[in-house]
Amino acid sequence: MKELQCGRFKLDLNRPLVMGILNVTPDSFSDGGHYHHIDAALAHAEKLLADGADIIDIGGESTRPGAAFVPAEEEISRVIPVIKALQSLNVPLSIDTRKSTVMRAALDVGVDLVNDISALEDEGALALVAKSHAAICLMHMQGDPHNMQATPAYLDVVAEVSAYLAARRDAALAVGISHHRLLLDPGFGFGKTLEHNVALFKALPDMQEQLATPLLIGVSRKSMLGQITGRGVGDRMPASIAAALMAAQAGSAVIRVHDVRETVDALKIWHALQ
Ligand code: 7PM
């Protein structure tokens, strides 16, 4: 029985889990009011849960290519009240951050999973997660969000991303993080051209087998889907669902999505008919 140890929870990995995205960046709510943003986040989280999300991923830093840097204190003041407000929902809570100070604050209020687009490279991050019981997602990124899409370049994108993920996994194991707490993520769109993203996606079954660690896949609404379909970001749900099903078929453990209700239905059909 494959399981992910995830803070307060043990999650069954024998079917793909759906991680619902909860943004608490200022552009995701209108008037910027403090109470309004907590209420709006709570309402959105309740909807994600009712729609069938297995995990809720809370992010307070926009990692859009070219996005401005968010100071740690600002990120903490956005996400910590939301994590506290969501504790009683009894669903695994994930913090999407690269900063060890934000991780510490989130772990102190009982977050169950640390989702780090920089794979615990921040100073002190590995040790911090090691002494918690949280699960950890280690993602590959080439460059930094502000410059990563300028000139992505690889000799062999699949080999390089796999080697990086294996090295970060080994660094996590070396500080005492159990393999049962680990997820790896190729990082679609993070310093990759369409060609790189397609090569990585096609290699998912091989990467899964070679790394022998559960994979988390995030392609929901991403520009690679826009490049293939010609659709704008608000019109990529069908493309996102198609990619989610293919990620499931490739053996992915967790699929990170905006449109939870639709993805959960699609995955139920995939599971029943596969
Ligand atoms: C603007 C553009 C805002 C892009 C947010 C994004 C991933 C992630 C993100 C992923 C993991 C998005 C990204 N993407 N964490 N956080 N894997 N583990 O499109 O692919 O959601 S943020």
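The values are calculated or read from the model by the stated rules, or taken from the named source; none is laboratory data. Nothing here was measured: the structure is a model prediction, and the numbers come from that model. Glycine gets a Cβ as well: all are built from the backbone with ideal geometry, and neighbour counts include every protein chain shown.
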Worksheet entry | Candidate set: the stretch 59-75, residues that are crowded, with 19+ Cβ neighbours inside 10 Å, within 11 Å of the ligand (Cβ to nearest atom) and of a type outside the set (Gly, Ala, Ser); chosen: the one modelled with the lowest pLDDT | THR63
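Among the residues of the stretch 46-58 satisfying the criterion of being within 15 Å of VAL24 (Cβ to Cβ) and assigned to a helix (DSSP H, G or I), which is nearest to the ligand (Cβ to nearest atom)?
Pass one, the stretch 46-58, residues within 15 Å of VAL24 (Cβ to Cβ): 46-48, 56-58.
Retained after the next criterion (residues that are assigned to a helix (DSSP H, G or I)): 46-48.
Details: GLU46: 20, LYS47: 17, LEU48: 14 Å.
So the residue we want is LEU48.
Looking at the structure I just gave you, is ASP206 modelled with pLDDT of 95 or more, of a type in the set (Asp, Glu) and within 17 Å of PRO186 (Cα to Cα)?
On the way: modelled with pLDDT of 95 or more: yes; of a type in the set (Asp, Glu): yes; within 17 Å of PRO186 (Cα to Cα): yes.
Against the criterion (modelled with pLDDT of 95 or more, of a type in the set (Asp, Glu) and within 17 Å of PRO186 (Cα to Cα)), ASP206 qualifies.
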Worksheet item: Out of (1) farther than 14 Å from ILE136 by Cα; (2) in contact (Cβ under 8 Å) with a residue 24 or more places away in the chain; (3) more than 12 Å from the ligand (Cβ to nearest atom), the odd one out for GLY189 is which?
Response: (3)
Practice prompt. For ARG78, work out the one condition from (1) modelled with pLDDT of 95 or more; (2) within 25 Å of ARG221 (Cα to Cα); (3) of a type outside the set (S, T, N, Q); (4) not in a loop (DSSP other than H, G, I, E, B) it doesn't fulfil.
Written response: (1)
Worksheet item: Mind checking which pairs have a first residue in the stretch 23-52 that is closer than 18 Å to SER220 by Cβ and modelled with pLDDT of 70 or more and a second that is surrounded by 15 or more Cβ atoms within 10 Å (Cβ to Cβ) and hydroxyl-bearing (Ser, Thr, Tyr), Cβ under 8 Å, 6 or more apart or different chains?
Response: ASN23/SER62; THR25/SER62
Worksheet item: Would a scan of the stretch 140-160 turn up a residue that is aromatic (Phe, Trp, Tyr), in contact (Cβ under 8 Å) with a residue 40 or more places away in the chain and outside any loop (DSSP other than H, G, I, E, B)?
Response: no
Worksheet item: In the stretch 256-266, which residue that is touching a residue at least 40 places away in the same chain (Cβ under 8 Å) and either more than 10 Å from the ligand (Cβ to nearest atom) or in a loop (DSSP other than H, G, I, E, B) (or both) is surrounded by the most Cβ atoms within 10 Å (Cβ to Cβ)?
Response: THR263
Discussion item. Quick check on VAL91: is it β-branched (Val, Ile, Thr), crowded, with 22+ Cβ neighbours inside 10 Å, touching a helix residue (DSSP H, G or I) at 6+ places or on another chain (Cβ under 6 Å) and assigned to a loop (DSSP other than H, G, I, E, B)?
Written reply: no
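Taking the condition buried (at least 16 other Cβ atoms within 10 Å of the Cβ), under 18 Å from the mean Cα position of the chain (by Cα), within 16 Å of the ligand (Cβ to nearest atom) and under 15 Å from ALA119 (Cβ atoms), does LEU215 pass?
Judged against the criteria, LEU215 is a match.
Does LEU126 count as assigned to a helix (DSSP H, G or I) and either of a type in the set (A, V, I, L, M) or in contact with an Asp or Glu (Cβ under 8 Å, 6 or more places away or on another chain) (or both)?
Yes.
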Discussion item. Return the pair list, or none, for Cβ contacts closer than 8 Å from residues in the stretch 122-135 that are farther than 26 Å from VAL91 by Cβ and loosely packed, with under 13 Cβ neighbours inside 10 Å to residues that are of a type in the set (S, T, N, Q) and at pLDDT below 95, at least 6 apart or on different chains.
Written reply: none
Worksheet item: Which one of LEU165, LEU184, LEU216 is under 15 Å from MET141 (Cα atoms), touching a residue at least 60 places away in the same chain (Cβ under 8 Å) and not in a loop (DSSP other than H, G, I, E, B)?
Response: LEU216
